[in-house]
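The values are calculated or read from the model by the stated rules, or taken from the named source; none is laboratory data. For clarity, every value in this text was computed on a predicted model and none was experimentally measured. Quick reminder, even Gly has a Cβ in these numbers, built from the backbone with ideal geometry, and neighbours come from all protein chains shown.
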Amino acid sequence: MATIRQTSDMVAIFNSETFEQVFVKARPVEASIKMSSKVMTHPLEDGSSVSDHQIFDLIGVDISFLLSTDDYVSVFQSIKTAYEKSILFTIQTKTDVYENMLIQQMPRKESANMFNGVGLNISFIEFKKIKATVTRGIGTPRHSKDAKNQNSGKQQGTQKQNSSLLYRITK
């Protein structure tokens, strides 16, 4: 993987498929990484608590960019296209690398105070794709009437047996 392009950049964003650095003309100003988890805590009979499991949340990376007047329209359009096409990114910060990141939000500020650029905040979220596996039942049913009824068509019901004890007493 390539490294951050300039010493002043604190973060670099790469296309996960091509490993080409993207949004090069957007200047990262600040990055905030969210790594959190849920710890399963249960009360005990004596009033104390015990923790027995930890579930890790998806990693989130928020990056504030400054788009300068040089080319902010085309830079914004390339970011917007990546957002709409759900392109996955690899984000390299000073301390770690985060893979399979997807643009979740991209709010921006357009203000007269920022006459020479546009402020853009991009929220990335870790994207984990899991393929569901379907298992079929094992074995065959004990009784043929419990077997699949697919393609069985219209069937006649069975005749009632008159052999119960109550039937014989009342006869």
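What to note about this one:
- Residue ranges of strands (runs of 3 or more DSSP E) in segment 54-118 with at least 3 members among the polar types (S, T, N, Q): 88-93, 97-105
- Residue check, Asp71 of a type in the set (Asp, Glu), in contact with a strand residue (DSSP E or B) (Cβ under 7 Å, 6 or more places away or on another chain) and closer than 17 Å to Gly119 by Cβ: no
- Answer residue from segment 128-155, given it is among the polar types (S, T, N, Q) and at pLDDT below 75 and is nearest to the chain's Cα centre (by Cα) among those: Thr135
- Filtered residue count, segment 96-126, keeping only those that are within 25 Å of Phe19 (Cβ to Cβ) and either charged (D, E, K, R) or without any contact (Cβ under 8 Å) to a residue 40 or more places away in the chain (or both): 7
- Any hit, segment 89-103, residues being at pLDDT below 90 and closer than 26 Å to Ile13 by Cβ: no
- Residue count, segment 23-49 (criterion: in a strand (DSSP E or B), at pLDDT below 95 and either within 16 Å of Asn100 (Cβ to Cβ) or of a type in the set (Lys, Arg) (or both)): 1
- Restricting attention to segment 21-51 and to residues that are among the basic types (Lys, Arg) and over 21 Å from the mean Cα position of the chain (by Cα), the residue that is nearest to Asp62 (Cα to Cα) turns out to be Arg27.
- Residue within segment 55-65 that is surrounded by 10 or more Cβ atoms within 10 Å (Cβ to Cβ) and more than 18 Å from Leu102 (Cα to Cα) present: no
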